[in-house]
1. May I ask for the Rg/Rh ratio of segment 4-231, computed from Cα atoms with Rh as the Kirkwood radius, given to two decimals?
2. If only Cα atoms are counted, what is the Rg of segment 139-219, and what is its Dmax, in Å?
3. Could you give me the ³J(HN,Hα) list for segment 66-81, computed from phi with Karplus coefficients 6.51, -1.76, 1.60 and θ = phi - 60°, whole Hz, x at Gly and Pro?
4. For segment 142-223, state which GluC sites (Glu not before Pro) are in a DSSP loop and have at most 13 other beta carbons lying within 10 Å of their beta carbon.
5. Under the Karplus relation 6.51 cos²θ - 1.76 cosθ + 1.60, θ = phi - 60°, what is the ordered set of whole-Hz ³J(HN,Hα) values for segment 37-46, x standing for Gly and Pro?
6. Determine, from the Cβ-Cβ distance of Glu114 and Asn52 and an R0 of 25 Å, the FRET efficiency 1/(1 + (r/R0)^6), rounded to the nearest 0.05.
Amino acid sequence: MKSVALAALLLLAASPVLAETTPAAETPSVAAAGTSAPAASDLLFEKPQMKNVPPGTKLTYGYLRRSGISKGPFGPPMDDTIKLGIEPGKSADSRDIRVEMFSGANRFPAGPFEDMPGNPVMTLFLEHHLIDMARVLSANPRYIKNAIRKGLRDNATVTPTTIDYQGQKVAAWRIETQPFLEDRMKERMRGLENIRYTFVTSDAVPGELVSIEAQSKTAEGGELLEERLTYVPNAG
């Protein structure tokens, strides 16, 4: 894959099937005096996120999925890792990337990616999540894909924050969207229409992705779905 935009197409490719979401985007938060926050899709899919990852290193992400829905449609709780092996690409900002997506019986085929400026773990997480959601809801995967696409494009909040990294506070961005709240098919979503997607990115962190979370709870606080991906520093 030759560009970050191509990686984004795995999740965000246009489709004739569109979900209904709230029509108006919220006003971007101010990151600094007189400076507007960047667009969510730019932060997640258009930046050369791998340029700060030295070839020869490995990035490790902890993955967790659990659900309290009766009869366990998402399967048993899963606690595993996704590892990226980084090698030089054809340009200073790109990398060739080998993927170890989960381990043992959980192993999922993915990659390799050639000449990638963006971090493929973003799309790997979302595509895996999309497969599970479509199966659990007996839904058209394109419908769910385009709802998330539209939520990130038109109705995401982007706010500045800080994270702890290597013993220091560093600047980061927090991106949030709830793409199914006003979806016309939400009565078929088994309570998951309130699912919230939260992304945290920082250019101080190798690969820039700090975490992804997809979370849905009942009105009483019961856990319908908790799915997380978190960068693990110094994991090797």
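1. Numbers: Rg = 17.4 Å, Rh = 18.3 Å.
So for segment 4-231, dividing Rg by the Kirkwood Rh gives 0.95.
2. 14.9, 46
3. These are the phi-based 3J(HN,Hα) values: 8, 8, x, 5, 4, 6, x, x, 7, x, x, x, 10, 9, 8, 9 Hz.
4. Working: sites: Glu176, Glu182, Glu187, Glu193, Glu208, Glu213, Glu220, Glu223; in loops: Glu182, Glu208, Glu220.
Within segment 142-223, the qualifying GluC sites (Glu not before Pro) (loop, at most 13 other Cβ atoms within 10 Å) are Glu220.
5. 5, x, 5, 4, 5, 5, 4, 8, 10, 10
6. Efficiency for this residue pair is about 0.85.
Bear in mind that the values in this text are calculations on the coordinates, not laboratory data. These numbers come from a predicted model, not from an experiment. Every residue, glycine as well, gets a Cβ built from its backbone with ideal geometry; the counts of neighbours run over all protein chains shown.
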